[in-house]
Each structure stands twice: as structure tokens, then as C-alpha cells.
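K.L.:
Quick one: the structure is below, and I'll ask about it shortly.
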Amino acid sequence: MTVRKTYSTATPIPAGAPAAVQVGKRFFTSGIVSDRSGGLESESHRVFQLLAELLRDGGLSTTDVVRTRIWHTGEDGSAAEKLLRSVHGVVFNHPGPTLTIVRVERLPGGAAVTVELEAIAGSGVIAKWFESDIESSSSLAVQVGKEFWTSGLRGDPATDRDTQVRQAVANASGLMKQAGIGVGDIVSTRHFMRYDVQFETDPPEWLAFKEPSIPTSAGIAVTGVGTRDHVFTFEVEAVAGASDMRTNLHTGRTFEVEHNYCRAVRVGGGDVIYVAGTTSVIPGEIVQHPNRVGLQVEDTLEIIRWAISELGMKWDDLAQTRTYVVGGDDEIAEAIAALEKSLPGVGPRDAAHTVGVACTVVGVPVLGRPEVVIEIEARAVTARR
């Protein structure tokens, strides 16, 4: 029997999803927004208050958080980042979780900020933190047992794009070495790049970094990734020893082969399936339903459902999704409606049906191809009594 709980909060959640999902010791929140408008500073304080309440409801504390990811629509990347890092530093004790801050085009309901957390119950007493920052109470990497997470890693903003990529990759490699993580142990990667400096092809250092493991990957164009001159940031998740017992699932797309990533990863009979950023593109690099938001959500979720099934879990094990939407408020609303229709729930699919998956929805300026308007990342988790 699956040990799974959901939690609610005062704030509205996209697609009618729960504010948080707990599966065994793993705890994921949706993208939480403030129930009180008022701009970036006041909304961010309120969001973290709501998150702290959710953690308490689940029997966890802020010391159990391994990852914080903040999305905001602030006008000035430098000022907004300084503010958000300061707020984060008030909420968490030093050393704190990994932290990624990304500026996006828009958020549901016109929110100024949304935050999602990932936590593991009891991890605060056994975690190892690497290169912690006192001001923000965050760490560049956190390790709990065999699992490893990095913050959004960046290079020097005074350098050019390629140099920033090389520096960020070197930073990741150094953190992995400190934690005893091998080059084949990476299970998931995620990089955000400023939309006006997208790469026609992946930088060679980035491709080489992924080659030994062929992890899942998501590459998202966003409005900003730090100060005005930062252009690239990326996150790494790894499991020590994964290279000896991982299953990498491919869809047959040439794009996956060319870019050194796979659709989904499961390590042995582990309780997690990591699913890459997925679009409604099928083998042959054919985009299904070009520019159709709702239909692309439905098709993308079917690919994710297939991946989860192929790796031995059920659709109801889906615990978390992160949906990137190109367009305005209408497109975001259409994506949310499609998610609500298609995601697994906790009741019959009728008027009583409610989504049972943690959801984050953000608006981005563009995705990999002009006709692709939806990309979804996912995490499936199972826990047995």
C-alpha cells in the first residue's frame, strides 16, 4: 500500500492541485504563491510563511529541506535576487538547502513570486552541506545518504556566455568530487538560460559533462538567471553508485541521442523515477498539435505516463510536475485546465475529482522550437509500508 498524503494551504494552487505531496519521507510542494498581493517583498515573506506551515503539517522542519526553487517576475534581476536571497536567509538556518532563483515572464494569477520546496523527513540531522552561504542560508550542494542536489550553478557574469558555461560545469564537477559522486551517477539535470542567448547546439563542455551518465535533462529559456549579465545556470541531481544499477529510458528520438540525455531514469528498484523536460514531440522530431496549449499538455502527459509505466511504476505514483508555458495569461489558464483534466487525482474523474500531484506552472518567453508551447518535467515516487 502506497504511503501518500496531500496537504492544502490558504493560497490557490494551479490545476486545483494540493499544496504539498508527501510520499514516505519525501515531501514536494507545488509552486506556492501568496494569498495577499503586494509586490515581491511582501509576497515572498508570505509565501515562505505558508511553506513553513506546510512543512509543520507534514511533520518536517526547514532543516529537512534539500532544495528551494524561486520563480519571480521582478523587473531588475540584481535587486530582485538580492531581496529573495535575503528573505531565504531569514527563513532557513545556516547551512541551508540548495537554492535556484529564476526570473520568468509571468506567473499564474499575476503573482510576483512562487516558490517550491523539496524535503526529506529527518534529513536535517544527517545531511552534508557544501560551500554554504551565510547571507542566504543556502548551500551550493547538499547530500543526504546517497542522494545529491546542487543549487543553480553559474559562472562569472563579467565573462562571456561560453566561459560562464565552462565555469558552471567545472563548479558542478568540483562539488561532485567533494561528495564522492561519480561521473556516471548523475540522474537529472536542468539548465536555465537567458532567452536572448539560447544555444543553437549544446556547448561541448555541457555535452561532455552528461555523456558518462546520459541523465534526464531540461533546458528552459527564461527572462533572467541572476544579475543582468548572468546567462546560464544549471542544477544537478545524482545518486552515488547509480552508474552500476541505473535504467535509462529512451523514446527513440534522435534529439535525445544528439544531446546526451534520456527521457527517464530509475536507479535499481529505487522509489523515484526522474522524467526529463518533455514536449509533445515524437520520433522523427514531429511536433504534435503545433501551438495548441491544451492538446500539447495532454500529449506530453501521455509520454510521461508511458515513461513511468515502462520503468515499473503506476500513473498514480506521479508526485510532482513542473509545467513551462509559452504565451500570456490565457495560455497559462488553458494549460492549467488541461493539467486539471489529465493529471491523476484522489477521487473519481467527475465533479468530485481533485488532482493529487504537486504542480508548478510558470510562463516563459520561448521553448526549444517555435511551435512547441508546453514543456513538462515530472517526478514519480512510490513508497511501500
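K.L.:
Among the residues of the stretch 171-196, write down those that are over 19 Å from Val142 (Cβ atoms) and exposed (fewer than 14 other Cβ atoms within 10 Å of the Cβ).
P.N.:
Asp196
K.L.:
Now, a different point. Could you list, in sequence order, the residues of the stretch 108-148 that are farther than 16 Å from Pro95 by Cβ and hydroxyl-bearing (Ser, Thr, Tyr)?
P.N.:
Thr114 - this is the single residue of the stretch 108-148 that is farther than 16 Å from Pro95 by Cβ and hydroxyl-bearing (Ser, Thr, Tyr).
K.L.:
Restricting attention to the stretch 74-127, and to residues there that are more than 21 Å from the chain's Cα centre (by Cα) and charged (D, E, K, R), which single residue is nearest to Arg46 (Cα to Cα)?
P.N.:
Residue satisfying both the conditions and the ranking: Lys82.
K.L.:
Related question: In the stretch 223-277, what count of residues is obtained for those that are β-branched (Val, Ile, Thr), under 19 Å from the mean Cα position of the chain (by Cα) and outside any strand (DSSP E or B)?
P.N.:
3
K.L.:
Still on this structure: Which fully enclosed strands (runs of 3 or more DSSP E) of the stretch 1-107 have 2 or more residues being outside the structural domain of Ile336 (by TED's automatic domain parsing) and within 21 Å of Phe130 (Cα to Cα)?
P.N.:
In the stretch 1-107, 65-72, 98-103 are the strands (runs of 3 or more DSSP E) which contain 2 or more residues that are outside the structural domain of Ile336 (by TED's automatic domain parsing) and within 21 Å of Phe130 (Cα to Cα).
K.L.:
Right, next: Filter the stretch 128-148 for residues that are buried (at least 20 other Cβ atoms within 10 Å of the Cβ) and either within 17 Å of the chain's Cα centre (by Cα) or closer than 20 Å to Ala80 by Cα (or both) and give the result.
P.N.:
Ser136, Ser137, Ser138, Ser139, Leu140, Ala141, Val142, Glu147, Phe148
K.L.:
If you don't mind, another one. Of all residues in the stretch 59-86, which are at pLDDT 95 or above and among the small types (Gly, Ala, Ser)?
P.N.:
Gly59, Ser61, Ser86
K.L.:
Further question on the same structure: Scan Ala80, Ala15 and give me the residue that is crowded, with 16+ Cβ neighbours inside 10 Å, within 30 Å of Lys341 (Cα to Cα), small (Gly, Ala, Ser) and out of contact with any Pro (no Cβ under 9 Å at 6 or more places or on another chain).
P.N.:
The conditions single out Ala15.
K.L.:
Which pairs do you get when a residue that is in contact (Cβ under 8 Å) with a residue 60 or more places away in the chain and within 21 Å of Ser123 (Cβ to Cβ), found in the stretch 142-162, comes within reach of a residue that is aliphatic (A, V, I, L, M) and part of a loop (DSSP other than H, G, I, E, B), reach meaning Cβ atoms under 6 angstrom, with the pair 6+ apart or on two chains?
P.N.:
Final answer for the pair search is Val142/Ala127; Val144/Ala127; Lys146/Ala240; Phe148/Ile181.
K.L.:
OK, next. Would you confirm, using the coordinates I've provided, whether Gln167 is assigned to a strand (DSSP E or B) and either closer than 29 Å to Ala383 by Cα or without any contact (Cβ under 8 Å) to a residue 40 or more places away in the chain (or both)?
P.N.:
no
The values are calculated or read from the model by the stated rules, or taken from the named source; none is laboratory data. Computed from a prediction, not measured in an experiment: that's the story for all the values here. Here Cβ is always computed from backbone atoms with ideal geometry, including for glycine, and neighbour counts include all displayed protein chains.
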